[in-house]
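**Q** Here it is, the structure in full.
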Amino acid sequence: MLIKLVFKCLMSDNSEYNKVRVNTPSSEGILSFDCTSKHLAHLCVDSSTCSEEMAREQVTRKWEVFAGRNRFYCDGRLMTAPHSGVFLITIVLITVTSTLFFAFDCPYLAKNVSVLIPIIGGILFIFTMSALLRTSLTDPGIIPRATQDEAAYVEQQIEVTNSANSPTYRPPPRTKEILIKGQTVKLKYCFTCKIFRPPRASHCSLCDNCVDRFDHHCPWVGNCVGRRNYRFFYMFIVSLAFLAVFIFACAIAHLILITKDDRQFLEAVRDSPSSLIVGIVCFFSVWSILGLAGFHTYLTTSNQTTNEDIKGSFTGKSGQDSFNPYSQGNVCLNCFHILCGPVTPSLIDRRGVVTEEYRIEMEKKVITTEQISVLRTFSVPNHNGSALPQNSVIPEIY
């Protein structure tokens, strides 16, 4: 009976059917349809499933309205820096070089030397690429920007005590000092994120985000290197150094073994030109890779970041003694803390649903104390009700 009614409703021009709306219970839920436009408007066997599907179609994820410049993939599950061209070059260089090695060098070496050579090479290649992708596609430790209410609260906390109408009014200082193991550490205010950055954090101008324990922005991996992905970055450069040395040694060994058959080196190159190509690529890249791996080994053992080492944060200045308050005490504890400690959870809810309250909060403007001081210089009316002078210009506030 219900099927006949639906069919008549859809096929008939009779207004009697076109205005019918039926909601009837079934064994699995509610069957609903609307014939206002002579077509099935809403048909759902299970009402709860239907509601979930409709809500899913209208959902906006937070990564879609993210304030930084990062790019997101797979519905926000993966993220990279805004410019990933150099990262693609890294993947191509590693993949092409390894493919030539596995295709032309490994068969000969497996037959004449050992079958372990392609196995070892495969393990190193998989480990290197896994560490690279984990570094590149992971949140490095982005610190969320302050909301309007949080930014307003921070502005109130750093407001100076002098009179706001005083001609000697100056914007408040933008640093705070805290003690870590007796060492004074300055917390700097980020004008973009409207927060006092935690110790060791810094703002990346390329990604436009504050990153916790910021090491550096690496274009070769297409991402910032921070607290959440530094261990994977270190694993990547160390494993890449081993892979480059291994492939270089195997390519040279392949050419040498060919020359042992009373053949000239040029003849060996003609027989296996890929070995020469792989050897040249590895020779010119292995030195920089080994140097980078050694430098980050030093940073790991001393529990420093590239940013801190370049700035000389823990170098004694003006005859004052300075030490690293973040050190765990010895080399082994520093390595264990950085490479084996727990990975902190991401602070940005990339796949969270954008609610109306969240959208309104994002659209609010924050007026800082610097902007207020600019308004005062242009004689904008203040709280005592004084009027604007004639021909005054009010600057635009962003």
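The values are calculated or read from the model by the stated rules, or taken from the named source; none is laboratory data. What you see is a predicted model, and the numbers here were worked out from it, not measured in a lab. FYI the Cβ positions are ideal-geometry reconstructions off the backbone, even for glycines, and counts take in every protein chain you see. Accessible surface areas use protein heavy atoms only, side chains included; no ligands, DNA or RNA. Shrake-Rupley method; radii C 1.70, N 1.55, O 1.52, S 1.80 Å.
**Q** Carbon and sulfur atoms: what percent of the 1.4 Å accessible area of the range 231-304 do they account for?
**A** Whole-percent figure for carbon plus sulfur exposure: 73.
**Q** What FRET efficiency comes out for the pair K188/L347, r = Cβ-Cβ distance, R0 = 22 Å, nearest 0.05?
**A** 0.75
**Q** In nm, what is the difference between 0.36 nm times the number of residues separating N324 and N112 and their Cα-Cα distance?
**A** Taking N324 through N112 to full extension adds about 71.1 nm, to one decimal.
**Q** At a probe size of 1.4 Å, how large is the accessible area of R231, to the nearest 10 Å²?
**A** Its heavy atoms expose roughly 30 Å² to the probe.
**Q** Continuing with this model, one more query. Using a Förster radius of 41 Å, what is the FRET efficiency between T60 and T95 based on their Cβ-Cβ separation? Nearest 0.05, please.
**A** According to the calculation, E is roughly 0.70.
**Q** While we're on this one: Rounded, prolate or oblate: which fits the range 69-134, taking a ≥ b ≥ c as square roots of the Cα gyration tensor eigenvalues, rounded meaning a/c under 1.5, else prolate when a/b beats b/c?
**A** prolate
**Q** Enumerate the residues in the range 233-250 having an amide nitrogen under 19 Å from the point lying 7 Å beyond the Cα of C340 toward its Cβ.
**A** The answer is 233-236, 238-239.
**Q** Taking a ≥ b ≥ c as the square roots of the eigenvalues of the Cα gyration tensor of the range 239-362, is the shape rounded (a/c under 1.5), prolate (a/b larger than b/c) or oblate?
**A** Verdict is oblate for the range 239-362.
**Q** Suppose R0 equals 25 Å. What FRET efficiency, 1/(1 + (r/R0)^6) with r the Cβ-Cβ distance, do L78 and K311 give to the nearest 0.05?
**A** 0.20
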